1. Of the residues that make up the stretch 93-104, is at least one outside any loop (DSSP other than H, G, I, E, B), modelled with pLDDT under 85 and over 30 Å from D18 (Cβ atoms)?
2. Check the stretch 81-94 and report whether any residue there is among the aromatic types (F, W, Y) and either more than 16 Å from D25 (Cβ to Cβ) or in contact with a Ser or Thr (Cβ under 6 Å, 6 or more places away or on another chain) (or both).
3. Any idea which residue in the stretch 24-54 is surrounded by the fewest Cβ atoms within 10 Å (Cβ to Cβ), counting only those that are touching a Leu at 6+ places or on another chain (Cβ under 9 Å) and under 19 Å from Q110 (Cα atoms)?
4. Regarding the stretch 8-28, can at least one residue be identified that is more than 23 Å from R83 (Cα to Cα) and either at pLDDT 90 or above or not charged (D, E, K, R) (or both)?
Amino acid sequence: MTALAAPDRIPALPGDEDSRRWLADLRSAGHRRAAAERRLYALLRKAADFEVRRRTSQDVEDLVTQAAGDALVSVLAKLDDFRGESRFTTWAYKFALYEAAAKTRRRAWQGRELPTAPEDWPAAAAREHDFETAERLREIARAIETRLTPQQRDVLLALAVNGVPIDVLAERRHTTRGALYKTLHDARRALRRHLEDQ
């Protein structure tokens, strides 16, 4: 449990007493902290509810509950990261929006196979009337097959071509978003280098 921070150490916008109060309450102990956590959870639940309903028409109650709970844990773990560049509630709201969006994307892909093959590329190249564009598409498809590692190829096709959300791919591959971003970056760099050489 974090001890109460001195009022002059609590960052917030000038004159933003509401943010100072939130931080002081969440950094306190006992009933005061518990009450602040309940108020924060209610706020995060509203944000999560808004975001989940914006993204899906499915039964959303469990997604909202999970997103609000995970957002609360994240906010409490990162209280010391709040720099006061916005109101505390605005800062906290973003955690709920992120969690709700991620959980909704995961739900949408639940049970779906992750596509990794560029099945449409030859057809797209054949339909293209501009010869240069068609040839460029064929060259990109060849480079993906011959210049990338199997892992780079799978990550590039899943994320950049087939639109699999990165958090879904990270979960399925038991890795991190950062590792996937690095693989995607390396794949794009290898393709760019190959195409520049052509």
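The values are calculated or read from the model by the stated rules, or taken from the named source; none is laboratory data. These numbers were taken from a predicted model, which means no experiment stands behind them. As a convention, Cβ positions derive from the backbone with ideal geometry for all residues, glycine included, and neighbour counts pool all protein chains shown.
1. Scanning the stretch 93-104, I find no residue that is outside any loop (DSSP other than H, G, I, E, B), modelled with pLDDT under 85 and over 30 Å from D18 (Cβ atoms), so the answer is no.
2. First, pick out the residues of the stretch 81-94 that are among the aromatic types (F, W, Y): 82, 88, 91, 93.
Filter once more, keeping what is either more than 16 Å from D25 (Cβ to Cβ) or in contact with a Ser or Thr (Cβ under 6 Å, 6 or more places away or on another chain) (or both): 88, 93.
Yes, the stretch 81-94 contains at least one residue that is among the aromatic types (F, W, Y) and either more than 16 Å from D25 (Cβ to Cβ) or in contact with a Ser or Thr (Cβ under 6 Å, 6 or more places away or on another chain) (or both).
3. E51
4. Of the stretch 8-28, the ones more than 23 Å from R83 (Cα to Cα) are none.
No, the stretch 8-28 contains no residue that is more than 23 Å from R83 (Cα to Cα) and either at pLDDT 90 or above or not charged (D, E, K, R) (or both).
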